Amino acid sequence: MEYIIKARNMELDESVRNYAEKKIKSKVNKYLDKAIKIEVKLNFEKNPKINLNNLAEVTVFTGGSVIRATDSGMDMFEAIDKVSSKIERQIKKYRNKIIQRGRKNFSSKVVPEKDIEEKIRKQIVKTKNFAIKPITPEEAVMQMEMLGHDFFVFINSESEKTAVIYRRKDSNYGLIEPSV
């Protein structure tokens with residue numbers, strides 16, 4: 001298992017490095033035996049208005065999933081303690097999910113693919129058709145806002161490909177375009 005620790009806006013002394021490795025690595029190894037990589041990012045925010053200015057972010061890469069937790073504290077040790085507790089809870093949740101999935105698959109019969117497709121088809125409750133014309137992403141944002149939607153499908157006049165513009169949680173916009 002690969003273990004990476006990075007620091008930003010601070011000097012990473014040996015005591016913090018060892019503490020982070022001891023707390024986080026032990027929690028991950030306790031519950032996950034197939035973790036591929038653990039990445040720890042420690043960050044000191046220089047903004048004096050932020051009380052909890054020591055941030056710790058842990059990302060655990062497993063075979064099929066990525067588990068991430070972030071927390072902050074008055075000092076880096078507090079931030080590491082908090083984030084190690086969070087990552088432990090998330091790993092337990094992930095592990096239980098994997099175990100439950102295994103139990104369901106073990107005890108249940110194999111469902112034919114046609115039955116699955118039919119079940120999904122019944123869940124599609126509305127179909128909408130609309131005409132698409134080539135517009136710029138900026139025009140697509142304006143159209144999306146006027147309609148009050150969270151996304152908008154259009155043909156990008158710059159790339160001549162079907163694209164999707166969407167509103168992100170941080171109130172910015174994202175653009176999805178296919179690459180062939």
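Read the figures in this text as sums done on the coordinates, not as results from a lab. None of the values given here were measured: they were computed from a predicted structure. We place every Cβ from the backbone using ideal geometry, glycine too, and count neighbours over all the protein chains shown.
A few comments on the model shown:
- Global form of the range 134-176, assessed from the alpha-carbon gyration tensor, a/c cut-off 1.5: prolate
- Using C-alpha pairs below 8 Å separated by at least 6 residues, the relative contact order for the chain is 13 percent.
- The ranking of Val58, Val16 from fewest to most other beta carbons within 10 Å of each one's beta carbon is Val16, Val58.
- Overall dimensions of the chain by Cα: Rg and Dmax, Å: 22.9, 62
- With the helix formula -39500 (n - 2.57) applied to DSSP H stretches of n ≥ 4, the chain reaches a computed 222 nm mean residue ellipticity of -12000 deg cm²/dmol.
- With K and R counted +1 and D and E -1, the other residues having a Cβ less than 14 Å from that of Met144 yield a net charge of -2.
- Rg(Cα) / (2.2 N^0.38 Å) computed for the range 2-107, rounded to two decimals: 1.18
- Highest mobility in the GNM of the chain, judged by mean-square fluctuation with C-alpha springs under 10 Å and restricted to Glu118, Glu139, Glu14, is found for Glu139.
- The fewest-to-most ranking of Asp33, Asp75, Asp170 by surrounding Cβ atoms within 10 Å reads Asp170, Asp33, Asp75.
- Taking Arg68, Arg167, Arg95 in turn, the Gaussian network model of the chain (Cα-Cα springs below 10 Å) assigns the largest fluctuation to Arg167.
- Charge dipole of the chain about the Cα centre (unit charges at C-beta), most positive-ward option of Ile36, Met74, Pro134: Ile36
- Choice from Glu21, Glu11, Glu145 showing the highest fluctuation, given a GNM over the chain with Cα pairs closer than 10 Å: Glu145
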